[in-house]
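Notes for the one structure printed next.
The values are calculated or read from the model by the stated rules, or taken from the named source; none is laboratory data. The shown structure was predicted, so the numbers you read here are calculated from the model rather than taken from an experiment. Quick reminder, even Gly has a Cβ in these numbers, built from the backbone with ideal geometry, and neighbours come from all protein chains shown.
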Amino acid sequence: MKIAVYSNLKEASNRVSASLINKISKSNSLEIDGQNPEIVISVGGDGTLLSAFHHYQDISDSIRMIGIHTGHLGFYTDWRDYEVQELIDSLEDDNGQSVTYPLLDIKVNYADGTPGDTALALNESTLRQINGSLVADVFIKGQLFESFRGDGLCISTPSGSTAYNKSVGGAIINPALNAIQMAEISSINNRVFRTLGSPLIISPDEWIKIVPNTNARTILSCDHQVVSTKTISSVEYRISSRRIAFAQYRHRQFWHRVTNSFIGEVDSGD
Ligand code: NAD
């Protein structure tokens, strides 16, 4: 089985990567292949896994990801740095077991008529205005839903719902659900301006289109990257037909990961 090791180049990650590469090169059934891997092991944190996903995005349909964390426990990185041998044993016994999560399709059109861009997000996309408030019409499935005024909008996947979306008051969605969520970033709500004021979740047959006020200079992001700062005429968000796959050698319940990351030890009170 061909394996790529993608590291964030920090000292602790370099040590883990070196140990992984050493063990893989000694294995009879595993080999290192950074070009056409079947498995991509990211070594670092969630940010490293996001970078690894985007690095291998074009072949993401044929790979499975694994995250080893060398810092704080991550959402996508559920192997610990001292579990390298256990991971190698699991890779050698691999029988294709995986779990897949939804991704977000982003399609942007520019006001100057230059060709639009597409992007694929694992966590989320945000649309914010460079100066002042973002003023934009929001359409759901082609119907005007609301006129938004505020800092911006955050459209996230279920697995990204624990990231930026959570900070702006969005709900946490189990990635077993095929859905995307829109959350407001500091909307202005008074007698003049009115938005829903709460996050909303759309189903697979729906899509969200945001049309900013003419000439607004916006920042459109996709995960940790800026997609564009050009003046956009519209941006459309849909649940992608593509999904990210993770090799799943042991079962980690999603809600257990949420408790672990955000709440810590829970005292049952007994
Ligand atoms: P970063 O270094 O700023 O780290 C952001 C934090 O988000 C890290 O602690 C990381 O572990 C965590 N994170 C990333 N994805 C997560 C997920 N799916 N669930 C729970 N936590 C997650 O940036 P980075 O490491 O390059 O990650 C980029 C991500 O940071 C963006 O996709 C966005 O979701 C998040 N972010 C959050 C805020 C915020 O909460 N106010 C602001 C900017 C970016």
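Okay, here's what the table says:
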| item | result |
| --- | --- |
| Residue in region 52-65 that is within 26 Å of Ala121 (Cβ to Cβ), of a type in the set (D, E, K, R) and either within 16 Å of the ligand (Cβ to nearest atom) or surrounded by fewer than 16 Cβ atoms within 10 Å (Cβ to Cβ) (or both) present | yes |
| Some residue of region 118-125 being assigned by TED's automatic domain parsing to the domain that holds Glu206, of a type in the set (S, T, N, Q) and within 12 Å of the ligand (Cβ to nearest atom) | yes |
| Test: residue in region 187-203 that is in contact with an Asp or Glu (Cβ under 9 Å, 6 or more places away or on another chain), modelled with pLDDT of 95 or more and within 11 Å of the ligand (Cβ to nearest atom) | no |
| Of the criteria (1) farther than 10 Å from Met182 by Cβ; (2) within 9 Å of the ligand (Cβ to nearest atom), which one Gly132 fails | (2) |
| Strands (runs of 3 or more DSSP E) fully within region 1-100 counting 2 or more residues that are in contact (Cβ under 8 Å) with a residue 60 or more places away in the chain | 64-69 |
| Top-ranked residue of region 68-86 - restricted to ones that are farther than 16 Å from Phe254 by Cβ and in contact with a helix residue (DSSP H, G or I) (Cβ under 8 Å, 6 or more places away or on another chain), ranked as surrounded by the fewest Cβ atoms within 10 Å (Cβ to Cβ) | Gln85 |
| Residue among Thr259, Thr195 that is touching a Phe, Trp or Tyr at 6+ places or on another chain (Cβ under 6 Å) and either hydroxyl-bearing (Ser, Thr, Tyr) or free of Cβ contacts under 8 Å to residues at least 24 places away in the same chain (or both) | Thr195 |
| Verdict on Ser234 being closer than 23 Å to Val138 by Cβ and modelled with pLDDT of 95 or more | yes |
